[in-house]
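Taken together, the values in this text are just the output of simple stated rules run on the coordinates, not laboratory data. Since we're looking at a predicted model, the values are computed, not measured. Please note: Cβ atoms are built from the backbone with ideal geometry, for glycine as well, and neighbour counts cover all protein chains shown.
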Number of protein chains: 2
Amino acid sequence: MSFNRESLQGLLAAIEPVDQKIMAQAQVRLDNLTKPLGALGLLEEMAKRLCGIQATLNPSVACKIILTFAGDHGVVEEGVSAVPAEVTPQMVANFLAGGAGVNVLANHVGAQVRVIDVGVAVPLTGQGLIQAKVKAGTANIRKGPAMTEEEALAAMGVGVEVASQAIADGAEILGTGEMGIGNTTPAAALFASFMDIPADQITGRGTGISDTVLAHKIQVVADALVVNAGLCQDPLSTLAALGGLEIAALCGMILESARRKVAVVVDGFIASAAALTAMEMNPTVLEYCFFSHMSAEQGHRLFFEKRAIRPILHLGLRLGEGTGAALAMGLIEAGVKILTQMATFGEAGVTPGEILAGTTDT
Amino acid sequence: MSFNRESLQGLLAAIEPVDQKIMAQAQVRLDNLTKPLGALGLLEEMAKRLCGIQATLNPSVACKIILTFAGDHGVVEEGVSAVPAEVTPQMVANFLAGGAGVNVLANHVGAQVRVIDVGVAVPLTGQGLIQAKVKAGTANIRKGPAMTEEEALAAMGVGVEVASQAIADGAEILGTGEMGIGNTTPAAALFASFMDIPADQITGRGTGISDTVLAHKIQVVADALVVNAGLCQDPLSTLAALGGLEIAALCGMILESARRKVAVVVDGFIASAAALTAMEMNPTVLEYCFFSHMSAEQGHRLFFEKRAIRPILHLGLRLGEGTGAALAMGLIEAGVKILTQMATFGEAGVTPGEILAGTTDT
């Protein structure tokens, strides 16, 4: 019962828009709370959208789960990263031991972290690791496709399955996470291909490479786009040619979240490439996505500008793992609490003044 | 034992810079954590500064207290707000009942809210209210000074006293809050006076006034600056002439926090005017301040740009009360946990690659 083209078509067809009627009702509630209209800005917008996603005026994101997928990248042999590929499995062990950034920030907001091996190059075990390896790392995208379409579909299927399980376990909001040394390179290639952006505008420093290595990395991305040009016929084939196993898994996870009407918090640059891939497959996915932050990685800003998306945080983060998603989950929950816990003018005996009289223009 | 000019001089003289040596040690620790150098951006910078403030490599902000000062403004008689002055006491009651935005967001991050009447126009009582009224509202700044210097000093003294008590009660970080219908007008006047900004650039819509009322409000601010020009000789006299009782209390609170080496999270536009006043009295205060967010109120951006300050959040908030301070406290705590809870490369057995080899240039 493996995930195939037919499963993907079924998944895409099952994604429905969020409930606009409930959102309109949520707006009425927000406008009756003891504050000037819209004075809590993005918190209000996020709460309203969650109402639409969950189709209720009493949404909850109390149960939060971050899914961190790990995979390796053949393109690392081109010397595009400041960090050796052996760090991918080492960091997986760090996640499982609870010592990584995502663990600390997930604990801070009350989220659980699940770690999935969907494509690490070496055999991996460990207490709590979800073993779902599709392939021991991708091929070098400078020389040809990262994966076959079947492999990309299989990795997407892992994302679907793990998201589905998390939702079955009670998750009311999911966060995307990833670990894969070298994965800003395939992410940049995907952005470039889907949005028609030159390699030098979208490619950044990742973990912190020098000017020389950056120039080389830009060339690698440009070459990958040329070498795989003929293969990139649609979102799936582009994902297979230029992407990564963890990116494909994230794409599947995001699609499944949307299908199940569960909000998904997109982490950083790599997760955004996965979200963009999912949006290319079905634009309605965007209604379920909260983009956690504007990464310090060059190119992320371009994505947000071109798609008119407003990220929640601007903290100069560039770690991935799900760290930004964790922080944003805390703010989304704050918005939900505003909607569900604040007193209305009537309840508090506060005079709304002109605020509710329709004479204001903001 | 009232707060007077001599007390203020003593307070200002007692403020010391943060501990740069500890901050350097904190940077070493941050650079050894299992992440690329600086990859957690502002979280790392905030954690480092907290080390300097608390003079320890194990800072804590577990005990958080938000101080919300309420006061009324004579200038409301000019029709500068969309909301009647009776809302100030109504909102104080809402704070005490736990139904306001600041209550919800403070609960969300585990902070306590204390509400202080330092200058509400009507008599106020209520379970939990700290009664420290200096005066029943300020005078109309369009016609003359808001307060005498003695009254401003007395209100500052309230801020000092309440901050001191909160610290005695265990507060490891303080948040500023305020409530006072009309108080974006005196705040704009203070920014304009201290930073030499024209009234039309610094004056905004507050709770949501129309274009017509905004034009009038700009004129009121401009008039207040002219009428009080002769009185504005130094930060204290300017605060007295153009400020508000809750703004003066916030100024005292911020100074006392800095003196006691306790981080203070500055909320929005009005609290920033108080912080600017404190910085004009002693620039070292800035080392203890975390500016929680860029308000949607026009003019706030100008303050941050002119002072080269980077606010933590950009959520389009414009509520005040301490709401932004509460949210930012949660992120500051996240930074502290990164510093104190994340594994180092050595602890986790992760290869740092070039990250610690000094070959990177980011």
Query raised in the report: Let a ≥ b ≥ c be the square roots of the eigenvalues of the Cα gyration tensor of the protein assembly as shown; is it rounded (a/c under 1.5), or, if not, prolate (a/b larger than b/c) or oblate?
Result: prolate
Query raised in the report: Sorted by mean Cβ packing within 10 Å, highest first, what order do the peptides B:121-129, B:79-87 take?
Result: B:79-87, B:121-129
Requested in this report: With no solvent and one equal point scatterer placed on each C-alpha of chain A, evaluate the Debye formula and give log10 I(q)/I(0) for q = 0.11, 0.12, 0.15 Å⁻¹, two decimals.
Outcome: -0.69, -0.81, -1.20
Report task. Select from B:ILE202, B:CYS289, B:THR340 the residue farthest towards the positive end of the dipole of chain B; place +1 on Cβ of Lys and Arg, -1 on Cβ of Asp and Glu, and compute about the Cα centre. Result -> B:THR340
Report summary line: Within the set B:MET281, B:MET91, B:MET342, GNM on chain B using Cα springs under 10 Å gives the largest fluctuation to B:MET342
Requested in this report: Among A:GLY110, A:GLY349, A:GLY71, determine the one that fluctuates most according to a GNM of chain A built with springs between C-alpha atoms less than 10 Å apart.
Outcome: A:GLY349
Report summary line: Placing each pseudo-label 7 Å from Cα in the direction of the beta carbon, A:LEU231 and B:GLU86 end up separated by a distance in nanometres of 7.2
Query raised in the report: So what's Rg/Rh here for the range A:1-132, counting alpha carbon atoms and using the Kirkwood radius for Rh?
Result: 1.11
Query raised in the report: In degrees between 0 and 90, to the nearest 10, how far off the longest principal axis of chain A does helix A:41-54 point, with axes built from Cα atoms?
Result: 80
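Kirkwood Rh and Cα-based Rg: tell me the resulting Rg over Rh for the range B:39-86, rounded to two decimals.
Rounded to two decimals, Rg over Rh is 1.34.
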Query raised in the report: Can you pull the mean other chain C-beta count within 10 Å for peptide A:260-267?
Result: 0
**Report entry** Scattering curve values for the range B:78-181, log₁₀ I(q)/I(0), Debye with Cα scatterers, q = 0.22, 0.23 Å⁻¹
**Finding:** -1.33, -1.40
Requested in this report: With an 8 Å cut-off on Cα pairs and a minimum separation of 6 or more residues, tell me the relative contact order of chain A in percent.
Outcome: 25
Query - Span from the the range B:212-259 Cα centroid across to the the range B:108-143 one, whole angstrom - result: 18
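For a footprinting-style exposure proxy, rank B:CYS251, A:CYS51, A:CYS232, A:CYS63 by other Cβ within 10 Å, fewest first.
A:CYS63, A:CYS232, A:CYS51, B:CYS251
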Requested in this report: Per residue of A:97-109, count partner chain C-beta atoms within 10 Å of its C-beta, then hand back the mean as an integer.
Outcome: 6
Report task. Report, to the nearest 10°, how far helix A:323-341 tilts away from the longest principal axis of the Cα atoms in chain A, using its own Cα long axis and a range of 0 to 90°. Result -> 20
**Report entry** Between the range B:1-71 and the range A:184-199, the Cα center-to-center distance that results, in Å
**Finding:** 41
Query raised in the report: At A:GLN341 and A:ALA24, where each label point lies 7 Å from the Cα along Cα→Cβ, what is the point-to-point distance in nanometres?
Result: 3.1
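Counting DSSP beta bridges in the protein assembly as shown, what percent are antiparallel, to the nearest 5?
About 5 percent, rounded to the nearest 5.
Would you mind telling me the antiparallel percentage of the DSSP bridges in chain B, rounded to 5? Don't skip to the end; give the middle numbers.
Details: 1 of 25 bridges.
Here the share of antiparallel DSSP bridges comes out near 5 percent.
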Requested in this report: Rounding to the nearest 20 debye, state how big the charge dipole of the range A:64-331 is about its Cα centre with +1 on each Lys and Arg Cβ and -1 on each Asp and Glu Cβ.
Outcome: 460
Report task. Give me a single rounded figure for A:316-328: the average over its residues of other chain Cβ atoms within 10 Å of their Cβ. Result -> 4
Query - Residue-span extension gain [B:THR284 to B:GLN201] - 0.36 nm each, minus C-alpha spacing - result: 27.2 nm
Query raised in the report: What is the projected area of the convex hull of the Cα atoms of the range A:171-319, averaged over all directions, in nm²?
Result: 8.1
